[in-house]
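As structure tokens, the structure follows; a few thoughts come after it.
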Amino acid sequence: MKKYVLFLFSLLTLLCIVTGCGGEKKADGPKVLKVGTEVTFPPFEFREKGSKEISGFDMDLIRAVGKKLDMQVEILDMDFEALIPAVKRGNLNLVIAGMTITPDRQKIVDMSEPYYESGLSLVVRKENTSLQKPEDLKGRAVAVQLGTTGEEKAKQLAGDKVRSFKTNEEVFQALKEKAVDAIILDKPVAQYYINKHHPDAVIVGDTFAKESYGIVTRRHGELTPKINKALAELKQSGEYDKIYEKWFGKEPAKK
Ligand code: ARG
């Protein structure tokens, strides 16, 4: 009798393992979206003081996209310049990092339809009145984040005195310590840093050329059209606007 019970029990256990025993997991396996970003880019992606969680406009947007795709979003913080190579290698499914859509990047990876209109701006110390426009940068030391469009622009305008840092915190620190005279950085991010942490800095002049942010996926992968569809649906349903308003207020959404 004892043997019989034991046998039955083992049989049940085996059945349980094979069928998944009523677990939540669907038959087609785990569906996790591995999302890469770089967290010194508020209010798009950043760690709130004392919090481990990564928040921001991009993060809310990609979580909403994940819901649409019925996929769980896992966010990974990496160096900005490592993001595209990681998508290429397949270590990440996508990148959302305030990343500007450029022809050069589009040769290597797919980029979604634009989800935010942005532009680069020039930041200086308040007391420095000699730097007002892009032409004034010639031969000046300019701080930028490594691998960004700001770095590219700075090299065009300032030449070889550009100093590239891994994080935007270091970029602002360099300005504060007078290691550089200026910063070139995406305007909404520059504005955020100035308002929250660096009241002694100021944006001067107009934004440089317009830039649009896109979500990065593997070249010719099956994910790109799905992302575009999800983005379009979020814009249509008003969910995009809600997320936008949470981070940027009631100004017209820059889709
Ligand atoms: N928009 C700029 C670029 O594409 C800067 C993006 C930096 N993003 C970040 N998460 N640090 O190069």
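Are any of the pairs Lys155/Lys235; Lys49/Lys250; Lys67/Lys250; Lys153/Lys226; Lys176/Lys210; Lys153/Lys178 more than 29 Å apart by Cα-Cα distance, and if so, which? Don't skip to the answer; put the middle values down first.
Details: Lys155/Lys235 36 Å; Lys49/Lys250 25 Å; Lys67/Lys250 25 Å; Lys153/Lys226 32 Å; Lys176/Lys210 27 Å; Lys153/Lys178 21 Å.
In this structure, Lys155/Lys235; Lys153/Lys226 exceed 29 Å between Cα atoms.
Compute the acute angle (0 to 90°) between the alpha-carbon long axis of helix 187-196 and the principal axis of greatest extent of the alpha-carbon atoms of the chain; round to the nearest 10°.
With both axes taken from Cα atoms, the answer is about 90 degrees.
Once you have all Cα-Cα distances for the chain, histogram them in 10 Å bins from zero and send the whole-percent values.
The distribution over the chain is 7, 27, 29, 18, 8, 5, 3, 2, 1, 0, given as percents.
Using Cα centres only, tell me the gap between the stretch 175-204 and the stretch 74-119 in whole Å.
24
With each run of n ≥ 4 DSSP H residues scored as -39500 (n - 2.57), what mean residue ellipticity at 222 nm is computed for the chain after dividing by its residue count and rounding to the nearest 500 deg cm²/dmol? Each step should come with its number before you reach the end.
On the way: 9 runs with 95 residues, N = 255.
Calculated at 222 nm, the ellipticity per residue is -11000 deg cm²/dmol.
Give the residue list of GluC sites (Glu not before Pro) in the stretch 40-92 that are DSSP loop and have at most 10 other beta-carbon atoms within 10 angstrom.
Numbers: sites: Glu45, Glu48, Glu53, Glu74, Glu81; in loops: Glu48, Glu53.
Sites meeting the loop and neighbour criteria: Glu53.
How much accessible surface does Ser130 have with a 1.4 Å probe, in Å² rounded to 10?
Looks like 70 Å² after rounding.
Counting only the backbone N, which residues of the stretch 185-204 are under 13 Å from the spot 7 Å out from the Cα of Gln132 toward its beta-carbon?
Output list for this probe position: 204.
Mind putting a number on the dipole of the chain about its Cα centre? Charges go on the C-beta only, +1 for Lys and Arg and -1 for Asp and Glu, and I need it in Debye to the nearest 20. If you can, show how the numbers build up before the last one.
Details: 41 positive and 37 negative charges, 149 e Å.
Charge dipole, the chain, about its Cα centre: 720 debye, nearest 20.
Please state the relative contact order of the chain as a whole percent: Cα pairs under 8 Å, 6+ residues apart?
Details: 429 pairs, mean separation 62.3, N = 255.
Over the chain, the number comes to 24 percent.
On a 0 to 90 degree scale, rounded to 10, what angle separates helix 57-68 from the longest Cα axis of the chain?
Here the helix axis deviates by roughly 30 degrees.
Cut-off under 17 Å on the C-alpha distance; same-chain residues fewer than 8 positions from Lys126 excluded. Which aspartates and glutamates are left, in chain and number order?
In chain and number order, the partners are Asp136, Glu177, Asp181, Asp200, Asp206.
On full extension of the chain, what length is gained from Thr207 through Glu251, given 0.36 nm per residue of separation minus the C-alpha to C-alpha distance?
Values: separation 44, 0.36 × 44 = 15.84 nm, distance 1.76 nm.
Length gained between Thr207 and Glu251: 14.1 nm.
The values are calculated or read from the model by the stated rules, or taken from the named source; none is laboratory data. What you are looking at is a predicted structure, and each value in this text was computed from that prediction instead of being measured. Don't worry about glycine lacking a Cβ; one is built from the backbone with ideal geometry, like all the others, and counts go over all protein chains shown. Side chains are part of the model used for accessible areas, which takes the heavy atoms of the whole protein and leaves out ligands, DNA and RNA. Shrake-Rupley method; radii C 1.70, N 1.55, O 1.52, S 1.80 Å.
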